Structures are given as structure tokens and as C-alpha cells.
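All of the numbers you see were taken from the coordinates with simple rules; none came from a lab. Just so we're clear, the structure is a prediction, and the values are computed from it rather than from any experiment. Virtual Cβ from ideal backbone geometry, glycine too; neighbours counted across all protein chains shown.
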Amino acid sequence: MRALVRMALQEVLEAEMTEALGAEKGERTAGRQGYRSGYYGRTLITRVGKLELRVPQDRSGRFSTELFERYQRSERALVAALAEMYVQGVSTRKVKAITEELCGHSFSASSISAMNQRLDASLAQFAGRPLAEAFPYLILDARYERVREAGVIVSQAVLIAIGIDWDGRRQVLAVELANRESRSSWRDFLLGLKTRGLHGVEFVVADDHAGLRAALREVLAEAAYQRCYVHFLRNALDHVPRRVDDDCLQELRWLYDRRDLIEARRDLAAWLAKWSSKYSKLTGWVEDNIDETLTFYRLPRQHHKHLKSTNMLERLNEEIKRRTHVVRIFPNGDSCLRLVRALAVETHENWLEQHRYLNMDDLREHKKEALRRAA
């Protein structure tokens, strides 16, 4: 694994140099911006051990790479969390071995403090940045991490907000820690976003949580609410026997693939008529609650698959889970927030470098058509 990671990162460095110079090694082009001038050695510390890399140089000395800073941000946060566990005496010899293998030395409280101060400065800048542009789409979710507080292990909620701007690009807007998903926690979270400039929200995707719903009604009452249909289908399992061998739930899932709301409601009526005698508890619950999961049908059809659930957050959550699983129990809340935010920053930067996630011209035309029909 160490050799594979080193090879991949070495290729990234070579590609960055090629892009900076506008030419491959030995390539003769009119647009060349400079010439290579050998390499210098650089050690990159990762969770698979120390990697010795050869960083390319150019003759003018202008080339610089962001690879180390961006790659190590989350790695340093992870190492800091592990190191804090050891220094505070709540870890095992295994944790000590991991941190010493990662960084080549043992830790003192002062070295951890210095590491965290450098990290916290950049992460605080990200967390407090102004939100100048409008975000018509907002996706909210929460996950739980175990944190040691006053000698007691508690579950704390990590609240996450993703926005899609009018250029169609995804951005991580905020990551905060809360004791639980209460109305006041979500309210403070949303008000914090508005204080930083969040505006223009037309559509919010989230799970069904009483505290979050109440906060949305108070802070973003003008936005339409889409209940995540994936979570809705999971909740449906609570209303059927443990073993369901027929196609009842699969047919319910198919409703969300219909072209428009008219088709969805027609097939919903047929589904209710077919299964109400066998699963009366399920069909009654679905009939009472499904409307909130069909809000996405008011959007352009091209946006349906992206905004009928919170799934676009799943990849970020999986990456968070992969890293936090190494720590298992955070020594304090600051340590947890530091690591999760570091991962969020890297995801945010990667998204901004990618092609736009959605074509927002579809939404513009959809709104114009709705106005014409209303007139």
C-alpha cells in the first residue's frame, strides 16, 4: 500500500509540473513556460507511513505544489486526534505505536498544541468565510461521533450543510458540532449560515427530524422542503413484518422514478389499492407521510435524481466514517470537529475543481415556464 500511494502521489507531482510548464519532459512547444531543473527530496507523512517523494523543480524556481498542504491537512488532524488520546492517557499502546509510526517521534502536549494551532487557523477561516453568492439548493444532514467529555463518552451530532450555487457547483457551507439534533441546535446552525450571508434558498433536502423541521420553519420558511426518500423507505420497514417476500416495498420505491407528479400520484393510488388489505399499517403510514417526499417533482426533471435524497452527502459521510473509525472515541469535541472540518475542506476544494454538478439553466427555464403557465 505504501508503494502504491507513493507512486500515485509522484505521478500527481509530475502532472502538476507538466501543467505549470505547458510541456512534457523533453517536449518542444512554442507555448512552453519554462524548463525542468531536477528534483529535491521531500518526506510526506501519511497513515500508511512515511513516503519519500521527489519533487520536481523548474529553473526559475516558480513551481510550487499544493499537494502537501492539501493532503496533509486531514492527515495532521487525524494524527493530532490520535496523539491527544495518548497524551491524555485514554489510549492504548497501540495508539502510541500508530502515532510514532506515522510521525517518527513521540508527542508532547506542546507539540500537539502547536500542530492544532496551525490547523485551527486555516479551518476557522473556512468555517467563517462569507457566503456571497446565492444557493438555491441546500442539503442538510447529521451524523454522530463518540466524544469523551469530562471522562464520559457521549454521542455528539456533526451538522453538515451543502449548497449548490447558480453555477451548478457544490460547496460545503458549514460543519458544526452539537450535543444533539435539537430545534435549538439546528436553529443556531441555520442562523449562523444566514449571518455569513446565506440567501436565495428555494429548496431544502433533509431527513425527517422534528428539531430540524421546526428550525427550517423558523429560519427558512420560504424554502420548499424535500424529505429524503431513501430515509423514508428505510422508515417504511418499521411498518411491515420483518420478512416481506413480495414486491410491496420495491413497487413503492419505483414511484420515485416517475416522470412527473401526475404519474407518481396515479401509481401511488394503484399501489395503495393493491396492498392496503395485506399491509394496512404500512399503507396508512405512507398515505399520511409520502407527500413530503414528492416535493422534488416541482424541479426540472434533470435535477430529480440529485435532489430527492441526501445521497450527495453520502460520499463525504463515508470518508468521514473511514477516518473517524481509526480514532473511534475522540478525546474532546475540538478534536472531532477539527478532523471532520479538515475532510470537509478537502471535499469542498475538490468539488470546486470539478465540472459543475448541475446545469442550473434547467432551473431557470423551468421557473420561466412556471411563470408563463401562471400568467
query = How about LYS278: which aspartates and glutamates have a C-alpha closer than 13 Å to its C-alpha, ignoring those fewer than 8 places off in the same chain?
reply = ASP245, ASP246, ASP247
inquiry  = Starting from 0.36 nm per residue, how many nanometres of slack lie between HIS366 and SER277 once their C-alpha separation is accounted for?
reply    = 28.1 nm
query = ARG373 to GLU24: extension gain in nm, 0.36 nm per residue of separation minus the Cα-Cα distance?
reply = 120.1 nm
remark   = For GLU287 and ARG196, extending 7 Å from Cα along the Cα-Cβ vector and measuring point to point gives, in nm, a value of 4.4
message = Suppose the chain between VAL152 and ARG180 were pulled fully straight at 0.36 nm per residue; how much longer would it get relative to their current alpha carbon spacing?
response = 8.5 nm
query = Could you give the nm distance between label points at GLU349 and GLU263, where each point is 7 Å from its Cα heading toward the beta carbon?
reply = 4.3
All lysines inside 21 Å of LYS367 as judged from Cα atoms, apart from same-chain residues fewer than 8 positions distant = LYS305, LYS308
